[in-house]
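The next block holds one structure in the form of structure tokens; read it before the comments.
Please treat every number below as a calculation from the coordinates, not as lab data. For clarity, every value in this text was computed on a predicted model and none was experimentally measured. Note that each Cβ is placed from the backbone with ideal geometry, even for glycine, and that neighbours are counted across all protein chains shown.
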């Protein structure tokens, strides 16, 4: 939308950051089987290419690390070419989320989720 585009015709970085945070939060809550995840840290955002009005954007995530109460995701935003099906990375970052209880206190991620994650990790290494 035009309110998201700057004077050079590029998407505002802050708008992209908001979209990435929202997509990553959705992934973290799904992966950890809880809606109680909050953003703790967004690492350095590297803007590699501009996004112009009308371009399609895809956001991908993968689990980088899991702690007792936190999960860190590696995030890539890619512009998608509707004609060729090609993708080009436009932005990368890591985002850490923390599971909280109703009072906002960090609380452990479920043991089943942690076990499943570490089993996947061991399978990839073997």
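Computed over segment 2-125, relative contact order equals 25 percent, with contacts defined as Cα pairs under 8 Å that lie 6+ residues apart. For the chain, the longest principal axis of the C-alpha atoms and the axis of helix 111-125 are separated by about 70°.
Taking the chain as a Gaussian network of alpha-carbon nodes connected by springs under 10 Å, the highest mean-square fluctuation of the residues 86, 61, 104 belongs to 86.
The calculated FRET efficiency for the pair residue 82 and residue 105, based on their C-beta separation and a Förster distance of 35 Å, comes to about 0.15. Estimated from the Cβ-Cβ distance and a Förster radius of 25 angstrom, the FRET efficiency linking residue 22 and residue 53 is about 0.80. Remark: spin-label model distance residue 122-residue 65 equals 2.1 nm, labels positioned 7 Å along the Cα→Cβ axis.
Under a Gaussian network description of the chain, with springs only between Cα atoms under 10 Å, the residue in 82, 73, 17 that fluctuates furthest is 82. If the viscosity is 1.002 mPa s and the temperature 20 °C, what Stokes-Einstein diffusion coefficient in µm²/s follows for the chain when Rh is the Kirkwood radius over Cα pairs? The Stokes-Einstein estimate is 135 µm²/s.
Spatial offset of segment 1-38 relative to segment 45-59 amounts to 12 Å, using the alpha carbon center of each.
Between residue 2 and residue 42, what FRET efficiency comes out of the Förster formula 1/(1 + (r/R0)^6) with R0 = 22 Å and r the beta carbon distance, rounded to 0.05? Efficiency computed from Cβ-Cβ geometry: 0.25. Angle of helix 13-32 to the longest C-alpha principal axis of the chain, folded into 0 to 90 degrees and rounded to 10: 30°.
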